[in-house]
1. Somewhere in the stretch 80-100, is a residue in contact (Cβ under 8 Å) with a residue 24 or more places away in the chain, within 13 Å of ALA163 (Cβ to Cβ) and among the β-branched types (Val, Ile, Thr)?
2. If GLY184 passes every condition in (1) within 26 Å of GLY34 (Cα to Cα); (2) at pLDDT 95 or above but one, which one does it miss?
3. Could you tell me whether the stretch 85-93 includes any residue that is part of a loop (DSSP other than H, G, I, E, B), among the acidic types (Asp, Glu), more than 16 Å from LEU147 (Cα to Cα) and out of contact with any Asp or Glu (no Cβ under 8 Å at 6 or more places or on another chain)?
4. Test of understanding: among VAL116, VAL141, which residue is in contact (Cβ under 8 Å) with a residue 24 or more places away in the chain and under 16 Å from the mean Cα position of the chain (by Cα)?
5. Return yes or no: is PRO48 modelled with pLDDT of 95 or more and over 19 Å from the mean Cα position of the chain (by Cα)?
6. Just to be sure I understand, how many residues within the stretch 10-32 are of a type outside the set (D, E, K, R) and surrounded by fewer than 16 Cβ atoms within 10 Å (Cβ to Cβ)?
Amino acid sequence: MADDYKIKAVANKIIERLYNNGDLDKATLAALRGASKLTSPKAQKAWPIIMDYLPHKYLSKNGKPTAGEVAVYATIRFYAIFQQGQDKFVSVKEENSSAGVSFFTALAKLRQDEKVKQALDRRVQVLLATTNIDSVLNSLVHLVEILKSNDNKALEIDFPLLAQDLYKFQWNYHCANEVRLAWGEEYFGHNNDLSEGK
């Protein structure tokens with residue numbers, strides 16, 4: 001558990017550095033949006049930042065990205081997509097993490113809109129049905145784009161928590177199932193909480 005928390009802290013530090021108190025690192029954010037994998041030539045712009053913050057034990061020894069590298073890279077890419085075109089910080093600050101919402105809670109809030117509910121449910125169900133990390137990351141990119149395009153810019157999303165989940169997801173089949181169940185509970189179960197509050 002300490003390892004996945006460490007990944008969350010690293011992702012948070014990298015995201016805060018990319019935001020840079022409102023003076024966004026636009027070149028690196030653009031590179032992240034344009035590179036789906038850490039091994040992409042476009043991703044090289046982000047390597048110095050990632051490798052500066054990611055402890056040595058999480059770095060690849062053979063050129064194949066580690067679970068930590070995959071989780072952190074994917075998460076900062078999702079942040080870059082969601083942050084694009086916005087001046088306000090869209091993630092949560094470590095000292096104020098209770099102010100933000102998890103990614104799947106944000107999707108649950110969007111699910112209240114009947115116009116997008118059915119299509120969103122299909123996307124989430126595809127995501128929850130797979131244990132392949134590449135498929136999960138691809139599905140998450142689409143969900144980030146949907147969330148962003150549906151005027152959810154006021155949300156502060158706990159992207160570092162997503163990094164923690166993605167790291168744990170890659171450990172083994174059992175852990176992937178735990179993460180998928182937690183995501184499903186946040187997405188489908190949270191709507192009951194929202195409905196009761198009406």
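The values are calculated or read from the model by the stated rules, or taken from the named source; none is laboratory data. Predicted, not measured: the structure shown is a model, and the values here were computed from it. Virtual Cβ from ideal backbone geometry, glycine too; neighbours counted across all protein chains shown.
1. Yes, there is a match, as at least one residue in the stretch 80-100 is in contact (Cβ under 8 Å) with a residue 24 or more places away in the chain, within 13 Å of ALA163 (Cβ to Cβ) and among the β-branched types (Val, Ile, Thr).
2. Looking at each condition in turn, GLY184 falls short on (1).
3. For the stretch 85-93, residues part of a loop (DSSP other than H, G, I, E, B), among the acidic types (Asp, Glu), more than 16 Å from LEU147 (Cα to Cα) and out of contact with any Asp or Glu (no Cβ under 8 Å at 6 or more places or on another chain): present.
4. Residue meeting the stated conditions: VAL141.
5. yes
6. 5
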